[in-house]
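The values are calculated or read from the model by the stated rules, or taken from the named source; none is laboratory data. Predicted model, so just to flag it, every value in this text is computed and none were measured. Ideal geometry is used to build each Cβ from the backbone, glycine not excepted, and the neighbour counts take in all protein chains shown.
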Amino acid sequence: MTATTMNAAVFVEPGRIALERKPIPDVGPLDALVRITTTTICGTDVHIQRGEYPVRRGLIVGHEPVGVIEKLGSTVAGYKEGQRVIAGAITPSGHSNASLSGSHAQCGAGTAHGWKPLGGWRFGNTIDGA
């Protein structure tokens, strides 16, 4: 039987992160689903927990995991299912001006000019993390 839920560390409110069961997400064409085998707490996670760095309530935190690719999106190249990988917090879009210029951490995809301070840090910040 295939699992349909996973454990996730979820930001509830400043001072409170809770372990909750969440549905395992499906992958889009540019995505990879990674089964987390090892992770740690980053200093940024501590700032999020303390409310010193604002994130939305209900966000799955965590952004420095190691794991195994369980499923790949249809257009992902250079990786294979079963491969052990590490995922970083910087998740550039690959198409903003900043990303195309090699400034991945400033990738402000969706901005008029493609640049935004810390715009590339989306994983566990503006989108669900690990």
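Yes/no matrix, rows are residues, columns are (1) at pLDDT 90 or above; (2) of a type outside the set (D, E, K, R); (3) at negative phi; (4) within 13 Å of the chain's Cα centre (by Cα):
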{"residue": "ILE41", "(1), (2), (3), (4)": "no, yes, yes, no"}
{"residue": "GLY51", "(1), (2), (3), (4)": "yes, yes, no, no"}
{"residue": "VAL68", "(1), (2), (3), (4)": "yes, yes, yes, no"}
{"residue": "ALA89", "(1), (2), (3), (4)": "no, yes, yes, yes"}
{"residue": "GLY110", "(1), (2), (3), (4)": "no, yes, no, no"}
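Beta carbons closer than 7 Å, at least 6 apart along the sequence or on distinct chains, pair a first residue in region 66-93 that is within 22 Å of GLY108 (Cα to Cα) and free of Cβ contacts under 8 Å to residues at least 24 places away in the same chain with a second that is part of a strand (DSSP E or B) and not hydroxyl-bearing (Ser, Thr, Tyr) for SER93/CYS107.
Residues in region 23-36 that are within 15 Å of the chain's Cα centre (by Cα) and under 21 Å from THR5 (Cα atoms): ILE24, PRO25, ASP26, VAL27, GLY28, ASP31, ALA32, LEU33, VAL34, ARG35, ILE36. Selection of strands (runs of 3 or more DSSP E) fully inside region 1-120 by the criterion of at least 2 residues being loosely packed, with under 12 Cβ neighbours inside 10 Å, of a type in the set (Phe, Trp, Tyr) and touching a strand residue (DSSP E or B) at 6+ places or on another chain (Cβ under 6 Å) returns nothing.
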